[in-house]
Amino acid sequence: MHRWEAFMKEIAIFYRDRYNQPAIEYIADNFYRILGDNIHITNYYLDALCKSDKVTADAYLVCYVEMLGPLVDYVDDFSKVIVITRSIRKEYIMSVFDIPRGTDVLVVNDSPSSIIQTIYMFYELGIGHLHFIPFEKNLSEKGAYDHIDTAIVTKYSEHMIPSHIKKVCNIQNREVSFETMQKLIFLLGLEQSSIQCNLVKKANEDMDTGINFANSYFSNLLKEQMITSVIEESTRAILLVDINQHLHYVNETAYDIFGLKTGDSFLPELYFSQHMITENEYKDEILTYRGDTYLVEKINYYLSDEYIGYILVLQNEIDLRETASNLSKQLKRTGFYAKHNFSDIVHKSVSMRKCIEMAQKVASSDYTVLVRGESGTGKELVAQGIHNYSERRNNAFVAINCATLPETLLESELFGYEAGSFTGAQKHGKIGLFERANHGTLFLDEIGNISPGLQSSLLRALQEKQIMRIGSEKVIDVDVRIIAATNSNLEVLVKNGIFRSDLFYRLNVITIYIEPLKKRREDILPLFESFLGMKYSRLTDHDKAALLNYSWPGNVRELENAASHYKLLNRLPDYVVSSNLYKPTTSLEIHAPFPSQKDIETEILRIISSNTSASSGIGRKSIMKRLESCGLVIGEGVLKRILHEFSTKGLIRSSSGRGGSFITPLGKSYLKDEP
């Protein structure tokens, strides 16, 4: 015996008798054409078998259901029995469809069972416009078919057709059906790529009654190919585990890491920490195994409400960094990427923490998000965080401020345009931001400022996920996640007919509200420190209290500007200090009591009076130091303004150069009148 013969599968095919050997050989040839040298076929004939005969094979095939009863005497394992069903090649079936509706058609085959099978096959193929009449030899001899002029016949049965019938449709040999082939392949475990290729060719050639079976097969085949190309060859390790800790799928990467394969028992305690085993679901947990670090995700699976298992996905940290780095470089070259993550949002306030937590939850979805808050609160920072926390993180983040562009220009920026669409258009047209953001995120800042005409186009893009470039009639499908932002009261704009209500409801799916800085004062000093860097250590308690007590109408943006001012001039801006004249407390209370402007002016006049002599006065820097020692901090610009007012009123006299400021008799009189 040759080595390859030891691996061949034995197939036993049972027939009633040896009649019609050409048809018997054709059936065997069907199987050999698909399965090739992987099988060996032996034919058995029920009329020649003794009850003592026992047949041993890997699969048993019968041509008719009624043969299953007699088969009990010869086969000991009925789980290996398959009833052969038949099909017709497409090239022969078309002539049957061409027969006029309502025609009486005589169906001729080599046996009554074959004839009935053939008629049923026609019905299953949807051929119901003909009246099929099964051929019987004795009726033919009595002239029962004399009125019939059309017949359907299979190969090797042509001699049985009554001589008067001239319209003959020969469907040749019936094929072994796709369904029978697939059942046999599965039973024998011969799911090889070459055999699957042969099966695909067969499906394209035959008109098969088991079309749903074939469609199911092709669906599974496509899924298998997808698993092989996407999951099996993935750099991520993937394990599918049931509730009894049995592995139902392990890809190549997981096998390389753990040495586990499909069918093995999985003992998670050998690889994972206790909390990773007991925790319901998680993402980006860290596992160190055999010197490598992995980010692990666990996803549970349910059938209705019944828990049935989970999937583990492990990504090597090195691979993750390389992939992210390459994608990041590609995106950075285009300029359409999100620079910031949630970790970049400096905060200590509860309201900002809740805002970030909500943003993280919605990031995993594709729902439209509306970020609301005053100007300068960091709405784009939150939008970038959502993008970088989502599954779209490796695709483009495209941002546009809708308030900065006129309507026509904004429309061309968003949707793009074809060449020659309008005067001044680029020669080859232009791709719009919706297309640039495809598979990524489009951030529409100041959405409340877009015109009514553009609102209509935007609504269509959101509803249909389709856009049209200006000057084009071609519809372009886009897969874009929209994050919009506004500091406008959209409800009022809707009420006044300025903003479309249907667009508002389309945008207002999930709303994230960022409080102004004055309502989350716990964030002021941490933010200022992040802007100021090492120079933050130079701030006095009075500086910090001034920062805490200022109202910050420009929010975080204004706070950053104040930090830039401090970096350059080593002091806070005058507008911050002048509105924060107060007596400091050791706890830097947010609402420390402020002295009045008059109290400040009186204290300055007292300092000048006590430092006036016949030959000298006091300079501005010395006045500021003495004020600070009293717990009062003002900017030099504020002091200059106050001294100028004193001089105008004649309360002081200021000399040029280093002479400083002197109290006048009128100034002394003024002080005497103060309580």
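Note down the net charge around ILE623, summing +1 for each Lys or Arg and -1 for each Asp or Glu among other residues with Cβ under 11 Å from its Cβ.
Charge balance near ILE623 sits at +3.
Measuring from the lowest to the highest alpha carbon on each principal axis, how far does the stretch 518-578 reach, largest first, in angstroms?
Largest first, the stretch 518-578 extends 26, 22, 21 Å along its Cα principal axes.
Hey, what number do you get for the chain at 222 nm if only DSSP H runs of n ≥ 4 count, each worth -39500 (n - 2.57), divided across all residues, to the nearest 500?
Result for the chain: -11500 deg cm²/dmol, rounded to the nearest 500.
Once amide H atoms are placed 1.01 Å from N in the peptide plane, what residues at a sequence separation of 5 or more from TYR289, or on another chain, have their amide H within under 5 Å of its amide H?
TYR294
For ILE152, which sequence-distant residues (separation of 5 or more, or a different chain) have an amide H within less than 5 Å of its own amide H, given hydrogens modelled in the peptide plane?
For ILE152, the qualifying residues are LEU106, VAL107, VAL108, CYS169.
Which whole-number percentage describes the relative contact order of the stretch 236-319, with Cα contacts under 8 Å and a sequence gap of 6 or more?
Over the stretch 236-319, the number comes to 30 percent.
Would you please give the residues with an amide H less than 5 Å from that of LEU61, counting only those at least 5 places away or on a separate chain, with H modeled from the backbone geometry?
ALA12, ILE13, PHE14, ILE82
What ranking, highest mean first, results for peptides 514-520, 54-60, 667-673 when packing means the other Cβ atoms within 10 Å averaged over each residue?
514-520, 54-60, 667-673
Taking only the alpha-carbon positions of the stretch 597-673 and ignoring solvent, what does the Debye formula give for the base-10 log of I(q)/I(0) at q = 0.12, 0.16, 0.23 Å⁻¹?
Log10 of I(q)/I(0), two decimals: -0.27, -0.50, -1.09.
Where the convex hull is taken over the Cα atoms of the stretch 336-420, what is its projected area averaged over directions, in nm²?
Taking a quarter of the hull surface, the average projection is 7.1 nm².
From Cα pairs below 8 angstrom and at least 6 apart in sequence, can you work out the relative contact order of the chain, rounded to a whole percent?
Relative contact order for the chain comes out at 7 percent.
Mind checking the full-extension length gain between ASN43 and ILE116? Use 0.36 nm per residue of separation minus the Cα-Cα distance, one decimal, nm.
Details: separation 73, 0.36 × 73 = 26.28 nm, distance 2.32 nm.
Once the chain is fully extended between ASN43 and ILE116, it gains 24.0 nm.
Count the net charge of all other residues whose Cβ sits under 12 Å from the Cβ of LEU643, scoring Lys and Arg as +1 and Asp and Glu as -1.
With Lys, Arg at +1 and Asp, Glu at -1, the neighbours total +2.
Distance from the Cα centre of the stretch 253-294 to that of the stretch 18-86, in angstrom?
Here the answer is 49 Å between Cα centres.
Taking volume of the Cα convex hull per residue in Å³ as the quantity of interest, determine which of (i) 163; (ii) 302; (iii) 206 was computed from the displayed structure.
(ii)
Which order do the peptides 526-537, 83-94 come out in when sorted by mean C-beta neighbours inside 10 angstrom, highest first?
83-94, 526-537
Which net charge results for the neighbourhood of TYR44, defined as the other residues with beta-carbon distances under 13 angstrom from its beta-carbon, given Lys and Arg at +1 and Asp and Glu at -1?
Within the 13 Å Cβ shell, the charges total -2.
Based on the inverse mean of 1/r over its pairs of different Cα atoms, what is the Kirkwood hydrodynamic radius of the stretch 1-123, in Å?
After inverting the pairwise mean of 1/r, the radius is 16.6 Å.
At what distance in nm do the modelled label points of ARG353 and GLU158 sit from each other, each positioned 7 Å from its Cα along Cα→Cβ?
A separation of 9.0 nm, rounded to one decimal place.
How big is the antiparallel share of DSSP beta bridges in the chain, given as a percent to the nearest 5?
45
With charges set only on the Cβ (+1 for Lys and Arg, -1 for Asp and Glu), what does the dipole of the stretch 88-175 come to about its Cα centre, in debye to the nearest 20? Don't skip to the end; give the middle numbers.
On the way: 9 positive and 11 negative charges, 25 e Å.
It comes to approximately 120 debye.
Lys/Arg Cβ at +1, Asp/Glu Cβ at -1, dipole of the chain taken about the Cα centre: which of ASN244, PRO134, THR85 is farthest positive-ward?
My answer, from the dipole projection, is ASN244.
If you put +1 on each Lys and Arg Cβ and -1 on each Asp and Glu Cβ, how big is the dipole of the chain around its Cα centre, in Debye rounded to 20?
The dipole of the chain has a size of about 4660 debye.
Quick check on packing: order 65-78, 350-363 by the mean number of other C-beta atoms within 10 Å, highest mean leading. If you can, show how the numbers build up before the last one.
Numbers: 65-78: 13.2, 350-363: 16.5.
Highest to lowest by the protection proxy: 350-363, 65-78.
May I ask which residue of MET358, LEU462, PHE266 lies farthest towards the positive end of the charge dipole of the chain, with charges of +1 (Lys, Arg) and -1 (Asp, Glu) on Cβ and the Cα centre as origin?
MET358
All of the numbers you see were taken from the coordinates with simple rules; none came from a lab. Computed from a prediction, not measured in an experiment: that's the story for all the values here. Quick reminder, even Gly has a Cβ in these numbers, built from the backbone with ideal geometry, and neighbours come from all protein chains shown.
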